[in-house]
Amino acid sequence: RLVDLGKDYPGHPIRDFSAARNHFLEREKWVLFIDSDEEPSRMLMDHLDCLNPTFPYYAVRVISLLNGRWMPAWNPQLGPRLVSSRVRFTGHVHEHIEPRKPYGIIDYPIIHNHVGDPSYSNYWYQRIPAFSQGWMVMKKLVEVARGR
């Protein structure tokens, strides 16, 4: 089942995102979670139609944009989006999944387009080009080391 927490969850405002996600996991065998400003790609949806799941959940590639523009520091990103009822989320905000391992990876993306200003403020040093370039290099090295 495709679930948009902002539209599909009956309790608003959402104060506990883990409880909101677990609400659907108690009722469905498999859930693909998206946010209201996200869109699963057609390739992802076609892949899910023929997927024979072997893991309790799958981390799905998320491509993050800001007002339709690529944000290098926000990418690449994987998140536990295709989730079975064999796992649960913990934590009120920035929730985590348990058990964390094993899991599969799906690289067909979900496109996440943040519209407007970012909802968080950056520290002054994060706007220095050398800092952002160093951050991007470190993220890329970690991804290469992980084989993703």
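Extent of region 23-76 along its three principal axes (Cα atoms, max minus min coordinate, largest first): 35, 25, 18 Å. Around the amide H of LEU66, modelled in the peptide plane, lie the amide H atoms of MET71, HIS114, all under 5 Å away and 5 or more residues distant in sequence or on another chain.
Rounded to the nearest whole Hz, the Karplus-based 3J(HN,Hα) values (6.51 cos²θ - 1.76 cosθ + 1.60, θ = phi - 60°) of region 69-82 follow the sequence 10, 5, 10, x, 5, 8, 10, x, 8, 10, x, x, 10, 9, with x at glycine and proline. Here the dipole of region 1-50 is about 220 debye; that uses its Cα centre as origin and unit charges on the Cβ of Lys and Arg (positive) and Asp and Glu (negative).
For the chain, the antiparallel share of DSSP beta bridges with both residues in that region comes to about 60%. Rounded to the nearest 20 debye, the dipole magnitude of region 1-122 is 340 debye, with +1 charges on Lys and Arg beta carbons, -1 on Asp and Glu beta carbons, and the Cα centre as origin.
Among (1) 9.8; (2) 9.2; (3) 12.3, find the value of mean projected area of the Cα convex hull in nm² that was calculated from the structure presented, and write down its label. So the structure-derived entry is (1).
In the chain, a dipole from Cβ-located charges (positive for Lys and Arg, negative for Asp and Glu) runs towards its positive end, and of LEU2, PRO56, LEU141 it is LEU141 whose Cα lies farthest in that direction. Sorting 34-42, 104-112, 65-73 by average packing, meaning the other beta carbons within 10 Å per residue, from highest down gives 104-112, 34-42, 65-73. Between SER36, ILE128, SER84, the Cα set farthest toward the positive side of the dipole of the chain (charges on each charged residue's Cβ, about the Cα centre) is that of ILE128.
Averaging Cα coordinates gives a centre for region 1-26 and one for region 54-89; these two points are 17 Å apart. What FRET efficiency comes out for the pair MET71/ASP107, r = Cβ-Cβ distance, R0 = 22 Å, nearest 0.05? Approximately 0.70, to the nearest 0.05. Counting Lys and Arg as +1 and Asp and Glu as -1, what is the net charge of the other residues whose Cβ lies under 11 Å from the Cβ of PRO72? Summing Lys/Arg as +1 and Asp/Glu as -1 gives +3.
Any read-out appearing in this document is the output of simple, stated calculations on the displayed coordinates, not a laboratory observation. Just so it is clear, the model here is predicted, and its values are computed rather than measured. Neighbour counts are summed over all protein chains in view; Cβ atoms, including those assigned to glycine, are modelled from backbone coordinates with ideal geometry.
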